[in-house]
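Reading through the structure tokens given below for one structure.
The values are calculated or read from the model by the stated rules, or taken from the named source; none is laboratory data. Just so you know, these numbers come straight off a predicted model, no measurement behind them. No Cβ is skipped: glycine too gets one built from the backbone with ideal geometry, and neighbour counts run over all protein chains shown. Each accessible area value is taken on the protein alone, full model and side chains, heavy atoms only, with ligands, DNA and RNA left out. Shrake-Rupley method; radii C 1.70, N 1.55, O 1.52, S 1.80 Å.
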Amino acid sequence: QVQLVESGGGLVQAGGSLRLSCAASGLPFSLYSMAWFRQAPGKEREFVVGISYNGGRTSYQDSVKGRFTISRDNAKKTVYLQMNSLKPEDTAVYYCAAALSGAATRETHYAYWGQGTQVTVSS
């Protein structure tokens, strides 16, 4: 049974930082591209950042470039999202997702999803 479990969300003031983690089990993690999506209240879920199976390629949504950093540790089967200089508009539920092929921005590309972790940025 495949499981993706996110952690690290919380409440932070604008300008602060959070580090999200997504621990995977039940799949050959080192073969999977991983991504973080987010869904703000009343909005559709959107792609934030993706990373290739070996970490060699990353892709960021323009609004988070220079502030967010994705990384992965294949030995620990975990993907991370370091979020700095957080803004109120970053408030959302953050989801990690896994795809056997290369990272992409569309949701339908990803076979497995976590349950999400709430990130709230106060102004």
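Look at E44 and say whether it is under 21 Å from V12 (Cα atoms), among the acidic types (D, E) and surrounded by fewer than 14 Cβ atoms within 10 Å (Cβ to Cβ).
no
Looking for something at pLDDT below 95 and polar (S, T, N, Q) - is there at least one such residue anywhere in segment 93-103? If you could, list the steps in order and put the result at the bottom.
Taking segment 93-103 as the starting set, the residues that turn out to be at pLDDT below 95 are 100-103.
Keeping just the survivors that are polar (S, T, N, Q) gives 101.
Yes; the residues of segment 93-103 include at least one that is at pLDDT below 95 and polar (S, T, N, Q).
Selection of segment 28-41 for residues being open to solvent by 10 Å² or more (accessible area, probe 1.4 Å) and at pLDDT 95 or above yields P28, S30, L31, Y32, R38, Q39, A40. Cβ-Cβ contacts under 7 Å between residues 6 or more apart (or on different chains), taken from a first residue in segment 81-98 that is more than 27 Å from Y32 (Cα to Cα) and open to solvent by less than 10 Å² (accessible area, probe 1.4 Å) to a second residue that is assigned to a strand (DSSP E or B) and modelled with pLDDT of 95 or more, are listed as L86/V12; L86/L18; L86/V121. Total residues in segment 47-68 satisfying the condition of being more than 18 Å from Y110 (Cα to Cα) and open to solvent by less than 70 Å² (accessible area, probe 1.4 Å): the figure is 5.
Scanning segment 15-57 for residues being over 19 Å from W113 (Cα atoms) and of a type in the set (V, I, T) gives a total of 0. Output yes when any residue across segment 54-61 is in contact with a Ser or Thr (Cβ under 8 Å, 6 or more places away or on another chain), closer than 15 Å to C22 by Cα and β-branched (V, I, T), and no when none is. No - not one qualifying residue is present in segment 54-61. Counting just the residues of segment 1-16 that are open to solvent by 40 Å² or more (accessible area, probe 1.4 Å) and either among the hydroxyl-bearing types (S, T, Y) or in contact with a Cys (Cβ under 9 Å, 6 or more places away or on another chain) (or both), which one comes out nearest to Y32 (Cα to Cα)? Among those that are open to solvent by 40 Å² or more (accessible area, probe 1.4 Å) and either among the hydroxyl-bearing types (S, T, Y) or in contact with a Cys (Cβ under 9 Å, 6 or more places away or on another chain) (or both), it is V5.
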